[in-house]
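For reference, the structure is listed below as structure tokens.
Every number in this text was worked out from the coordinates using simple rules, so none of it is lab data. The model shown is predicted, which means the values in this text are computed figures rather than measured ones. Here the Cβ is made from the backbone with ideal geometry for all residues, glycine too, and neighbour counts use every protein chain on show.
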Amino acid sequence: MVGPNGAGKRTLLGVLAGLRAPSGGEVRLCGRPLADWPARERARRIAWLEGFDARIRAGTLGAGGEGIPSATYGKNVTAYDLSPSGAQVAFLEHVTAGGNVLRVTHDPAAATLPRWSGDGTAIYYLSYQTGSAEIRSIGPDGSAEVPVTTGSAISSKFDLSGDGRSLVYARHASAGAVPQPTELAAWDLASGDVRVISSANEADPAVDAGTSSVAVSRRNADGGYDLFLLDYASGAVKRQLTSCPGQAFAAAFAR
């Protein structure tokens, strides 16, 4: 079934699956009203897989951030980022809904991990439009959407360098068809040049603008991940932050 956005494709399928009540008429399964089917019997004949619908939205906050609850209330928010001014929040919502927010992206594929530019004029985000993860940018009002990276082989979340001139991310090291450890790289936004910071199975970088440090997850000998603090310029280890038997991921610096 095909149709434009908002035509009612998901609504119709929900009615057919018995997840929504029809506003009129009747739904029948094998000639029998759907409402008459016991749930167990109906489940043997109908399957429902919810589509993944992820879009970036932006909401305006009040002084002191008190607008955050109203900007995101009733929405399935899983990732967000505050603007440099603290007046707006960009967030990922998995189900389109109303509210006092602006829908920014309209990707045919998932858009995730919003990150404001240093000057607050753009939102960077991870997109799967090309079939692989690449970073794109878009204005807070949904205008001026452009691709940023190409062929980046991004493998985890990304962050901005302290000076706002580069995107920092973990990527799969290229070596033909042979699987390689991931490495930490910086993509220069002006030139498109890529600088490898470190090659030691890193993931999930978080940059501290104040100290020129970057926190990363690194695979340890037990097959888990620990957090390390690296020098952004040289990639040298400043210190190991965790030593866990399990997993330590997705560090973030307080602002």
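Here are a few things to note about the model shown:
- Each residue in T11, T112, T150 was given a count of other beta-carbon atoms within 10 angstrom of its own, and listing them fewest first yields T150, T11, T112.
- Among D208, D188, the order by Cβ neighbours within 10 angstrom, fewest to most, reads D188, D208.
- Stretched out straight at 0.36 nm per residue, the stretch from D163 to T130 would grow longer than its current Cα-Cα span by 9.0 nm.
- For I197, distant residues with modelled amide H under 5 Å away: L184, A185, A186
- Counting neighbouring Cβ atoms within 10 Å and putting the fewest first, the residues F249, F228, F158 line up as F249, F228, F158.
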